[in-house]
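Note sheet for the following structure.
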Amino acid sequence: MSLPPGFLDELRARVPLSQVVGRKVVWDMKKSNRARGDWWAPCPFHQERTASFHADDRKGYYYCFGCQAKGDAIRFVMETENAGFMEAVEMLAREAGMAMPVRDPSAALKADRRAVLSAAVEAAVQHYRLMLRSAAGAEARAYLARRGLGEGAIDRFSLGFAPDRRTGLVEALAARGIPPDVAVEAGLAAVPEGGGPPYDRFRGRVIFPIRDARGRAISLGGRAMDPNARAKYLNGPETPIFDKGRTLYNAGPAREAAAKGAALILAEGYMDVIALAEAGFGAAVAPLGTAVTEDQLRMLWQIADEPVVALDGDKAGLRAALRLVDLALPLIEAGRGLRFAFLPAGQDPDDLIRSGGAAAFAAVLAAAEPMVAVLWRRETEGRVFDSPERRAALDGRLRAALAAIRDPGLRAHYAEALRGMRNGLFAPVPRAGRARAAGPRGRWPTPAPAAPLPTTRASTLARADAREADRVRAAVVLATLDRHPTLLPRFEAALERLELDLADHAMLRDAMVAAALAADPVAAWAAARPALAEALDRIARHPHVRAAPCVGRSATEALAAQCVADDLERLAAGRAAWAEVEYAQAELQGMADEGVTWRLARAAEARHRAERTPLEDAPAEDPAAGGEGLIDRLLAAEAWIKRRR
């Protein structure tokens with residue numbers, strides 16, 4: 001069976017060689033250079049202890065200096081899996097998510113045709129370079145000079161100029177033996193709608209050659225010299241050799257620069273890429289007039305694990321960043337993500353470098369934000385969260401974003417980061433501060449805390465260890481859910497709201513919330529559990545956890561669900577009681593005496609009694625039931641006034 005032209009190239013591009021070989025070897029990370037795609041390991045084809053087997057992701061080939069085994073990803077699969085060529089191709093295609101093509105007897109003819117088209121585009125590049133240096137290109141040369149591009153940059157990027165002539169290129173190509181139909185098929189010329197001879201697609205424009213990762217000319221882009229032109233930038237159409245959604249401008253040189261340690265930067269257009277490269281940021285690429293596609297994202301990650309997206313500092317740039325976040329969330333993995341560098345308002349990389357030099361852009365690059373921060377900005381910036389309904393809506397949007405992340409471990413880390421941002425946004429503050437208007441993010445200013453009075457320090461309330469009891473109760477909840485992961489979806493919302501002050505507890509909670517959001521929570525928890533074994537073992541060793549009936553192996557799912565529901569309810573009640581105490585301490589600063597500390601100590605004791613009795617059985621007159629409203633009643637009774645006998 002003949003494969004269509006470009007199929008094997010795309011297959012090799014989608015499945016890095018290190019990914020294929022890595023299933024059979026253990027890389028020597030001291031000798032390997034991941035950033036350069038340079039990998040070393042003991043050879044899988046002969047017995048050895050030293051790392052003499054070399055795999056090069058950039059070239060796509062491996063070689064063993066011991067046994068001289070060599071080949072590409074397809075050859076490696078054939079040798080290690082005892083598979084034929086087509087079988088190896090099918091295995092890699094499944095891994096890459098590519099459908100095997102149907103039989104194509106004309107594949108060889110198509111490959112030849114692609115070579116003809118690429119040669120036609122290369123001829124057009126050379127013609128337009130000559131035109132730039134001719135008298136007709138004077139205005140274009142002046143424009144490039146105003147943009148800060150000298151002869152070196154013009155030559156490195158093979159820039160040219162298309163005069164405003166209807167058939168200048170068609171005639172020049174015909175003189176070289178390239179017929180008009182080839183020019184049309186290559187996207188260099190177009191046929192009038194009403195019929196007639198082909199005409200040049202690019203006229204009156206500065207020309208930017210577009211090359212694939214191997215440096216072959218596959219299309220052109222043009223920038224209009226006339227400010228009133230209908231389209232400022234124009235790219236060639238889709239052709240057998242050019243797919244906009246699978247091409248990045250300057251991909252080949254950027255890969256080489258990234259291999260030498262340069263940060264991979266995704267800019268918006270040709271001029272941004274050229275300006276960045278000339279300023280020393282050689283690993284710069286750009287999409288071709290369209291929004292970034294999934295294929296382009298994968299191409300970026302083949303070059304670097306964490307590309308930086310440099311966007312214009314305007315609303316359009318922010319919108320592009322937000323669209324890219326939605327595209328990337330289902331694709332990110334551990335160690336593979338994006339960062340976002342937002343430029344000053346009204347400036348693109350070219351503007352910034354011309355006004356502030358390379359140092360100005362380097363500062364923006366250093367301040368690039370992780371994707372989770374951009375996601376948080378999208379959901380909160382410019383919004384007011386002054387009601388429970390609005391806060392609940394925010395929670396729903398964040399949960400939906402988290403659900404898009406396929407990697408359970410990474411989803412847990414995102415949940416932890418977002419939870420921290422959310423807690424900072426909605427941090428509880430003293431009631432005295434509530435009289436002031438809420439800011440745009442829903443917070444009230446928090447006054448600096450005053451030192452507690454000596455009498456308060458010595459009170460029973462301060463000595464009470466209710467928080468430790470809460471920690472034990474939380475440990476029981478986590479251990480129970482570990483035994484019964486089928487309950488995770490039922491308690492996902494309550495778990496997410498659960499405030500925990502121990503690192504082990506918080507880590508387990510985040511992992512459980514992430515598993516609860518998965519399509520198969522039980523399988524997701526089973527996959528996440530090995531990495532959490534130490535934390536689970538620590539809580540399991542606690543004597544109270546071991547003694548809890550709902551944690552035992554004989555506990556039914558119904559009993560476990562009842563225990564988790566009760567404990568979560570009591571934890572919520574305890575949290576409310578502690579919030580009342582904290583508010584009281586803030587309100588009564590400077591006024592507390594023996595009377596109020598005695599009454600607050602009694603309140604703490606009542607709270608402990610409530611914990612020892614199921615909440616539903618607490619008497620209605622018990623002020624500690626539910627932990628709500630207690631301090632309000634004390635204040636109403638003027639509890640701080642010392643009564644005289």
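The values are calculated or read from the model by the stated rules, or taken from the named source; none is laboratory data. Worth saying up front: this structure is predicted, and the values here are computed from it rather than measured. All Cβ positions, glycine included, derive from the backbone under ideal geometry; neighbour counts span all protein chains shown.
Numerical summary
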read-out: Members of the range 393-411 that are small (Gly, Ala, Ser) and at pLDDT 90 or above; value: ALA393, GLY396, ALA400, ALA401, ALA403, ALA404
read-out: For GLY177: the one exception among (1) within 30 Å of ALA363 (Cα to Cα); (2) surrounded by fewer than 23 Cβ atoms within 10 Å (Cβ to Cβ); (3) of a type outside the set (Val, Ile, Thr); value: (1)
read-out: Residues within the range 564-573 that are small (Gly, Ala, Ser) and either in contact with a Leu (Cβ under 7 Å, 6 or more places away or on another chain) or surrounded by 18 or more Cβ atoms within 10 Å (Cβ to Cβ) (or both), tallied; value: 1
read-out: Matching residues, the range 258-317, being part of a loop (DSSP other than H, G, I, E, B) and of a type in the set (Ser, Thr, Tyr); value: THR290, THR293
read-out: Flag for ALA561 being modelled with pLDDT of 85 or more and surrounded by fewer than 20 Cβ atoms within 10 Å (Cβ to Cβ); value: yes
read-out: Qualifying positions in the range 369-426 - of a type in the set (Lys, Arg), in contact with a Leu (Cβ under 9 Å, 6 or more places away or on another chain) and without any contact (Cβ under 8 Å) to a residue 40 or more places away in the chain; value: ARG377, ARG422
read-out: Tally, over the range 45-57, of residues that are surrounded by fewer than 18 Cβ atoms within 10 Å (Cβ to Cβ) and either within 26 Å of GLU10 (Cβ to Cβ) or touching a residue at least 40 places away in the same chain (Cβ under 8 Å) (or both); value: 1
read-out: Complete set of residues in the range 329-350 that are over 19 Å from the mean Cα position of the chain (by Cα) and surrounded by fewer than 18 Cβ atoms within 10 Å (Cβ to Cβ); value: PRO344, ALA345, GLY346
read-out: Qualifying residue in the range 233-255 (condition: surrounded by fewer than 17 Cβ atoms within 10 Å (Cβ to Cβ), in contact with a Pro (Cβ under 8 Å, 6 or more places away or on another chain) and part of a strand (DSSP E or B)); value: no
read-out: Out of GLU90, GLU139, GLU171, GLU122, sole residue that is part of a helix (DSSP H, G or I) and assigned by TED's automatic domain parsing to the domain that holds SER18; value: GLU90
read-out: Members of the range 178-216 found to be of a type in the set (A, V, I, L, M) and under 32 Å from the mean Cα position of the chain (by Cα), listed by number; value: ILE210, ALA213
read-out: Lone unmet requirement of (1) modelled with pLDDT of 50 or more; (2) surrounded by fewer than 14 Cβ atoms within 10 Å (Cβ to Cβ) for LEU508; value: (2)
read-out: Residue identified as at pLDDT 90 or above, within 22 Å of the chain's Cα centre (by Cα) and surrounded by fewer than 19 Cβ atoms within 10 Å (Cβ to Cβ) among ASP326, ASP314; value: ASP326
read-out: Tally, over the range 180-224, of residues that are assigned to a helix (DSSP H, G or I) and buried (at least 23 other Cβ atoms within 10 Å of the Cβ); value: 1
